[in-house]
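> Provided herewith is a single structure, encoded as structure tokens, for subsequent inquiry.
Where a number appears in this text, it was derived from the coordinates with a stated rule and is not lab data. All of these numbers come straight from a predicted model, not from anything done at the bench. Backbone-built Cβ (ideal geometry, glycine too); neighbour counts: all protein chains shown.
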Amino acid sequence: MEACRVLGLLSGTSVDAIDVALAEFRLSGDVVELAPAGHLDMEYPPDLRDELLAASSCNPEQMCRLDTRIGQSFANAAATALREFGEADVIASLGQTVYHWVEDGVCLGTLQLGQPAWIAERTGLPVISDLRARDVAAGGHGAPLAGLFDRLWLRGDVALNIGGIANVTLPSDKPRDRAAFDTGPGNALLDAAAEMLTGKRFDKDGELALAGTVRKDLLDVLLEDEYYRRPAPKSTGKEHFDIGYLKAALAQVPEVTGPDLMATLVELTAVTIADACAGHRVVASGGGVRNPALMAALKRRLDIVTSDALGIPGDAKEAYLTALLGFLTWHGIPADPRTGADGPRLLGSITPGRDPLRMPAPATTTVRQLRVVATLGGSLARS
């Protein structure tokens, strides 16, 4: 099969930036080769980020405006990446999740904004979007989709991504229905607390947390959340772990200082991640790996390395995941992220680009492995 260049776009639950990555792919038998071709991140305009953080109370007019402005921001990010890294054949966009609807452990719906028509119009390329909905319709959670990338790429290791919500993919020898799931808050409560305490978006270098002491009484209250006891597959979001949730927990204990609050929230994230990952080496990625306090807490409990050491930049891994999802759909290959869906499905909807839509002939093989390489046909970044 000829090489295919796919641009992946998404913005995570931290709503900190749009992540973009360009990947070159080639399918050789049942192995997909991925050569990273460049990545960047672009911040949202500050007023748009503020609107996104308040999206849970949007009316239809505000939701329409958000969908348009996010789509335009994604289009600008895509055009910037194409100028910097070169052309692509197709774009895949995971959009911006604004609501993830889960009741009694069952995902009933998920909503991502970022109208793909703006991306297609700006770049002239076809866009594959709305990549979660089909998995949900088939009985899955639509998240975390990273399980697909991790299961194909890693074998005996646990993959961990620490965004606003932390998620893991367990080794493939685990039962199918426990392959990939959200462990709970990653940066979500940490960022909410930092903004409440300092007015800043996050605790830079974990400074507040490193100056504090874990408050066991608060940690015990937080760990009582029933989410941690639910069986996988499961998913959650910032509609659950938000500032209101944090304030309700604080109301149940004596006054907590800012540093102690941050130290306790770091401990919460570390404890709940470690509980899911015990017994395996962990390959970590996502914004949380840049928090020294959190990484120190994890290293006390786990054998952990970052994905950078294995050829995938930690702050771009989910953008490369998005590109992989786009590659599979573009070539007619069903995806199996193992979030509880009734088997593999072709994911996403396609918005044509400037030219008539001409898709490649569907692949006739099942993909069983992802190999990260320096260049297609070149030396391996990880075998």
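> Can you pull the one-decimal nm distance between simple spin-label points at Lys200 and Lys299, each 7 Å off the Cα toward Cβ?
About 2.1 nm, to one decimal.
> Could you list the GluC sites (Glu not before Pro) in the stretch 1-78 that lie in coil according to DSSP, counting only those with at most 10 other Cβ atoms within 10 Å of their Cβ? Before the final figure, lay out each step's value.
Working: sites: Glu2, Glu24, Glu33, Glu43, Glu51, Glu61; in loops: Glu2, Glu43.
Within the stretch 1-78, the qualifying GluC sites (Glu not before Pro) (loop, at most 10 other Cβ atoms within 10 Å) are Glu2.
> ³J(HN,Hα) across the stretch 42-54 via Karplus (A = 6.51, B = -1.76, C = 1.60, θ = phi - 60°), whole Hz, x for Gly/Pro?
With coefficients 6.51, -1.76 and 1.60, one gets 10, 6, 5, x, x, 5, 5, 4, 4, 5, 5, 5, 9 Hz.
> List the residues whose amide H sits under 5 Å from the amide H of Leu34, counting only those 5 or more places along or on another chain, with H placed 1.01 Å from N in the peptide plane.
Sorted by chain and number, the residues that satisfy this are Arg371, Val372, Val373.
> Sticking with this structure for a sec: Is the stretch 29-124 rounded, prolate or oblate when judged by the Cα gyration tensor, a ≥ b ≥ c being the square roots of its eigenvalues, rounded requiring a/c under 1.5 and prolate requiring a/b larger than b/c?
Numbers: a/c = 2.32, a/b = 1.36, b/c = 1.71.
Oblate shape, in that a/c is at least 1.5 and b/c is the bigger or equal ratio.
> Alpha carbon centre of the stretch 6-79 versus the stretch 190-241: separation in Å?
If we compute the Cα centre of each part, the gap is 25 Å.
> Would you kindly derive the ³J(HN,Hα) couplings of the stretch 240-247 from the backbone phi angles with the Karplus curve 6.51 cos²θ - 1.76 cosθ + 1.60 (θ = phi - 60°), listing them in order in whole Hz, with x for Gly and Pro?
Once θ is set to phi - 60°, the couplings for the stretch 240-247 become 9, 8, 10, 5, x, 4, 5, 5 Hz.
> Show that you can apply the helix-only estimate: for the chain, add -39,500 (n - 2.57) for every DSSP H stretch of four or more residues, divide by all residues, and state [θ] at 222 nm to the nearest 500.
Values: 12 runs with 129 residues, N = 383.
Counting only the DSSP helices, I get -10000 deg cm²/dmol.
> Could you size up the charge dipole of the chain around its Cα centre, putting +1 on the beta carbon of Lys and Arg and -1 on that of Asp and Glu, and report it in debye to the nearest 20?
In total the dipole reaches around 940 debye.
> Further question on the same structure: Tell me which residues come under 5 Å, amide H to amide H, from Ile304 once H is placed; ignore anything under 5 positions away on its chain.
Val282
> Under 1.5 on a/c is rounded, so check that first for the stretch 222-307, then, if it is not, pick prolate when a/b is larger than b/c and oblate when it is not; a ≥ b ≥ c are the square roots of the alpha carbon gyration tensor eigenvalues.
On the way: a/c = 1.98, a/b = 1.36, b/c = 1.46.
Oblate shape, in that a/c is at least 1.5 and b/c is the bigger or equal ratio.
> Any idea what diffusion coefficient the chain gets from Stokes-Einstein, in µm²/s, Kirkwood Rh on alpha carbon pairs, 4 °C, 1.567 mPa s? Don't skip to the end; give the middle numbers.
Working: Rh = 20.9 Å.
Reported coefficient: 62 µm²/s.
> Express the Stokes-Einstein translational diffusion coefficient of the stretch 129-258 in µm² s⁻¹, to the nearest whole number, given a Kirkwood radius over alpha-carbon pairs, 37 °C and a viscosity of 0.692 mPa s.
Values: Rh = 16.5 Å.
It diffuses with D of about 200 µm²/s by this estimate.
> Output the 0 to 90 degree angle, nearest 10, between the alpha-carbon long axis of helix 258-277 and the longest principal axis computed from the alpha carbons of the chain.
50 degrees
> Relative contact order for the stretch 155-310: what percent, with Cα pairs under 8 Å and sequence separation of 6 or more? Please report the intermediate quantities before stating the final value.
Details: 273 pairs, mean separation 49.3, N = 156.
Over the stretch 155-310, the number comes to 32 percent.
> First check a/c for the stretch 136-175, with a ≥ b ≥ c the square roots of the eigenvalues of its C-alpha gyration tensor; if it is under 1.5, answer rounded, and if not, answer prolate when a/b is larger than b/c or oblate otherwise.
Working: a/c = 2.20, a/b = 1.25, b/c = 1.76.
It comes out oblate by the Cα gyration axes.
> Check Thr110: other-chain or 5+ apart residues with amide H under 5 Å from its amide H, H built from backbone geometry?
Under 5 Å from the amide H of Thr110 lie the amide H atoms of Trp101, each far enough along the sequence or on another chain.
> Okay, moving on. Which order do the peptides 104-111, 183-190 take when ranked by the mean count of other beta-carbon atoms within 10 Å per residue, highest first?
Details: 104-111: 15.0, 183-190: 27.8.
In decreasing order of mean packing, 104-111, 183-190 become 183-190, 104-111.
> Moving on to the next point. Loop-only trypsin sites (Lys or Arg not before Pro) in the stretch 333-377, please: DSSP not H, G, I, E or B, and at most 12 other Cβ atoms within 10 Å. Provide the component values of the computation, followed by the final result.
Details: sites: Arg338, Arg345, Arg354, Arg358, Arg368, Arg371; in loops: Arg338, Arg354, Arg358, Arg368.
For trypsin sites (Lys or Arg not before Pro) across the stretch 333-377 that sit outside H, G, I, E and B with at most 12 neighbouring Cβ atoms in 10 Å, the list reads Arg354, Arg358, Arg368.
> A further question on this structure: What percent do you get for the relative contact order of the chain when only Cα pairs under 8 Å and 6+ apart count? Present the calculation step by step, with values, prior to reporting the outcome.
Details: 873 pairs, mean separation 90.2, N = 383.
Normalised by residue count, the contact order of the chain is 24 percent.
> Assign unit charges at the C-beta atoms only (+1 for Lys and Arg, -1 for Asp and Glu), then state the dipole size of the stretch 223-361 relative to its Cα centre in Debye, rounded to the nearest 20. Can you show the working numbers first?
Values: 15 positive and 16 negative charges, 89 e Å.
Here the size comes out at about 420 debye.
> Could I ask something else about it? Could you tell me the extents of the stretch 75-174's C-alpha atoms along the three principal axes, largest first, rounded to whole Å?
Sorted largest first, the three principal extents are 42, 32, 24 Å.
> Tell me the relative contact order for the stretch 225-304 as a rounded percent, counting alpha carbon contacts under 8 Å between residues six or more apart.
Working: 31 pairs, mean separation 22.3, N = 80.
Once divided by the residue count of the stretch 225-304, the mean separation gives 28 percent.
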